[in-house]
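Notes follow once the structure below has been shown.
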Amino acid sequence: MTMLEPVARKKITILGTTGSGKTTFLEALFGNIEKNDVARQVFKEIGNNLDFTPLKYNNFTQSTTTISLNVVNSVLVLTRFNKVILKKFEDRESIDFESIDQAFQCIFNDPAGQDRFSFMQDIAIKGAHLVIIMADGTNISSMEKIVHYLQMVTLEEQKYIRRIPVIIFINKSDLRDKGIYLGKEVAERIVFSSVIDREILFYETSNLNAYCYELPLTIIFNYLAMQAYS
């Protein structure tokens, strides 16, 4: 292969609650990424009474909520040894395609995890070829949300009559020694006690250790590579 073959791009959607580590995960893969933020004003309360002091006195606090993060036109490169290398599309000139078995483009979509932005999650999952679900392994509510995300995937599959592979990362395993990490066993019990009936891969991960993603990403992206060229 001397150049990137013009195969269809694959859409990858990352779902997870706020604090599950989705943004840090993408930054671990690609470094700095383009962020599309929406700002909102949060009004302070003083005691039981609302403070109506004018804005110029700074009684509003500013917070920023991420609506979507995109790594657009990323190139997924598979070597002859099936080792996965992720490169941004603009860095393709530095790739020696003579040593590559297969290459195809991916678009990563990371919608905000807050419930008020659920419409963004619906948009991001449409047309997805792979869904990565990230959960905060120290937060039972975050892991319970996995079931909701899987139901979203099922609805998308039923609508377009196609199978979407799903991989689940139970994040923050680095906090296990502090006794607050619940682990994938708890997540598996939550998921499989529901009506979810599908094959799912669970992995315990930590954004402090990027190597923990190597095996699951190799497995799932090799699968996508086969789909891209089938």
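Derivation of every value follows stated rules applied to the coordinates shown; laboratory data play no part. These figures come from a predicted structure and were not determined experimentally. Counting neighbours? That spans all protein chains shown, and the Cβs are built from the backbone with ideal geometry, glycine included.
Which whole-Hz couplings ³J(HN,Hα) result when phi for each residue of the range 17-26 is put into the Karplus expression 6.51 cos²θ - 1.76 cosθ + 1.60, θ = phi - 60°, listed in order with x for Gly and Pro?
Result, rounded to whole Hz: 6, 4, x, 7, x, 4, 5, 5, 4, 5.
Can you pick out the pairs among LYS145/LYS172; LYS145/LYS184; LYS126/LYS184; LYS11/LYS87 whose Cα atoms lie more than 18 Å from each other?
Details: LYS145/LYS172 16 Å; LYS145/LYS184 14 Å; LYS126/LYS184 27 Å; LYS11/LYS87 15 Å.
Beyond 18 Å between Cα atoms: LYS126/LYS184.
By how many nm would the segment from ILE161 to ASP115 lengthen if fully extended, with 0.36 nm per residue of separation less the alpha-carbon distance? Walk me through the intermediate numbers first.
Numbers: separation 46, 0.36 × 46 = 16.56 nm, distance 2.69 nm.
Result for the pair: 13.9 nm of gain on full extension.
Sorting MET152, MET226 on the 10 Å Cβ count, fewest up front, what's the list? Let's see the in-between values first.
On the way: MET152 21, MET226 11.
By the 10 Å Cβ count, ascending: MET226, MET152.
Spelling out what I want: for every residue of the range 96-103, take phi, set θ = phi - 60°, compute 6.51 cos²θ - 1.76 cosθ + 1.60 (Karplus), and round to whole Hz; glycine and proline get x.
8, 5, 5, 9, 9, 7, 9, 8
Rounded to two decimal places and with Rh computed the Kirkwood way over Cα pairs, what is Rg over Rh for the range 135-230?
Radius of gyration over Kirkwood radius for the range 135-230 works out to 1.01.
Filter the trypsin sites (Lys or Arg not before Pro) in the range 98-203 down to the DSSP loop ones having no more than 16 other Cβ atoms within 10 Å, then list what survives.
Numbers: sites: ARG116, LYS126, LYS145, LYS159, ARG162, ARG163, LYS172, ARG176, LYS178, LYS184, ARG189, ARG198; in loops: LYS126, ARG162, ARG163, LYS172, ARG198.
The qualifying sites are LYS126, ARG162, ARG163, ARG198.
What distance in nm separates the two pseudo spin-label positions at ASP101 and ASP174, each 7 Å out from Cα along the beta-carbon direction?
A separation of 3.2 nm, rounded to one decimal place.
For the range 106-117, take each phi angle, set θ = phi - 60°, evaluate the Karplus expression 6.51 cos²θ - 1.76 cosθ + 1.60, and give the result in whole Hz per residue in order, putting x for glycine and proline.
Per residue, the Karplus-derived 3J(HN,Hα) values read 10, 10, 9, 10, 10, x, 4, x, 5, 4, 5, 10 Hz.
Would you grab the residues whose amide H sits under 5 Å from the one on GLU204? Only those 5+ places off in sequence or on another chain, please, with H modelled 1.01 Å from N.
When sequence neighbours closer than 5 places are left aside, the close amide H contacts are ILE170.
As an exercise, identify the chymotrypsin sites (Phe, Trp or Tyr not before Pro) in the range 189-230 lying in DSSP coil whose Cβ has no more than 14 other Cβ atoms within 10 Å. All intermediate terms of the calculation are to be shown ahead of the outcome.
Working: sites: PHE192, PHE202, TYR203, TYR211, TYR213, PHE221, TYR223, TYR229; in loops: TYR229.
When the chymotrypsin sites (Phe, Trp or Tyr not before Pro) of the range 189-230 are filtered for loop state and at most 14 Cβ neighbours within 10 Å, TYR229 remain.
Distance from a point 7 Å along Cα→Cβ of VAL195 to each backbone N in the range 154-168: keep the residues under 17 Å and list them by number.
Residues 154-159 fall inside that zone.
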